[in-house]
1. Between residue 60 and residue 137, what's the calculated FRET efficiency when r is the beta-carbon distance and R0 is 30 Å? Round to 0.05.
2. Let a ≥ b ≥ c be the square roots of the eigenvalues of the Cα gyration tensor of the range 36-150; is it rounded (a/c under 1.5), or, if not, prolate (a/b larger than b/c) or oblate?
């Protein structure tokens, strides 16, 4: 939303208005998009899914996070933060058959956790030719990414 100077009261100075504008632009920069490329988070996330992520967000057990791979820090990966261990996170994929996670590389230091996933957007499969098909896709395509939404997380937590 663009800054509207007329909303400021007469007691507010130009400096405060500029500061509010920087805060709004900074807030928008705190969010980004990430794409899932491998099946390590199936069934929660599939290859091709887009994630709306928040950089620097507080991470809690069960959150889906984007992190730098501990052995290849130029590679970003998506995993579930399972639990705190010391100064880092034990992370695992929801797919038990893919072990490219803490079972392979151990605890991930906090500084390698880049962002927390908020929303999953699943791309349409094929062309939606009807309004009902488009609405059906829209209802199922956009979902919050939370621990309680993931069937595999519920099974693992029991």
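1. Values: r = 30 Å, r/R0 = 1.00.
E(calc), rounded to 0.05, equals 0.50.
2. Numbers: a/c = 2.39, a/b = 2.06, b/c = 1.16.
Since a/c reaches 1.5 and a/b is larger than b/c, the shape of the range 36-150 is classed as prolate.
No lab work stands behind these numbers, since they all come straight from the coordinates. Note that the coordinates shown come from a computational prediction; the quantities given were computed from them, not determined experimentally. Counting neighbours? That spans all protein chains shown, and the Cβs are built from the backbone with ideal geometry, glycine included.
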